[in-house]
Amino acid sequence: MQFAAKLAEVPLWGKKLITVNNEEVVLINDKGKISACENYCPHQGSPMLAGIVKDGTIACPRHGWHYDLANGACTDHSGYTLKTYRVEVVGDDIMIDI
Ligand code: FES
């Protein structure tokens, strides 16, 4: 697990873009649950930092496809998967498995 950010940097309903190991990762606070996913949509590469988060999914800003933040599965087109990362919150630190 690697340090990603301080918990306070990803406020409720917020997102934060970080770079770890040369990969852009979006940290997401969905009702207090922290998730992490790659920044580029597997469909046509739109930045997921601008995605809309709701009920454990993130919707791509370009075509609106939804991805399950738990496993990255696209709920609209089964052949697509957004890369997600396992997250642990340790004290005030967000750690991700990358
Ligand atoms: S680019 Fe994300 S759904 Fe098309």
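Scan around ASN39 for amide H atoms under 5 Å from its own, H built in the peptide plane at 1.01 Å from N, and keep only partners 5 or more places away or cross-chain.
GLU24, VAL26
Would you grab the residues whose amide H sits under 5 Å from the one on ILE98? Only those 5+ places off in sequence or on another chain, please, with H modelled 1.01 Å from N.
Long-range HN contacts for ILE98: GLN2.
Taking the solvent-accessible surface of protein heavy atoms with a 1.4 Å probe, what is the per residue accessible area of the chain in Å²?
That works out to 55 Å² per residue.
Between TRP65 and residues 5 or more places away or on another chain, which pairs have amide H atoms under 5 Å apart, with H built 1.01 Å from N, and which residues are they?
CYS60
Loop-only check: which trypsin sites (Lys or Arg not before Pro) in the chain are DSSP coil with at most 10 other Cβ within 10 angstrom?
LYS31
Each label point is 7 Å from the Cα along the Cα-to-Cβ direction; what then is the distance between the points at ALA8 and ASP76, in nm?
3.8
Using a simple charge model, +1 on the beta-carbon of Lys and Arg, -1 on the beta-carbon of Asp and Glu, nothing else, what dipole does the chain show about its Cα centre, in debye to the nearest 20?
Rounded to the nearest 20 debye, it is 220 debye.
At 1.4 Å probe size, with the rest of the protein present, what percent of the exposed accessible area of the chain is carbon and sulfur atoms?
Exposed carbon and sulfur together represent 49 percent of the surface.
The values are calculated or read from the model by the stated rules, or taken from the named source; none is laboratory data. Everything numeric here is computed off the predicted structure, so don't read it as measured data. No Cβ is skipped: glycine too gets one built from the backbone with ideal geometry, and neighbour counts run over all protein chains shown. Just the protein is used for accessible areas: all its heavy atoms, side chains included, with ligands, DNA and RNA removed. Shrake-Rupley method; radii C 1.70, N 1.55, O 1.52, S 1.80 Å.
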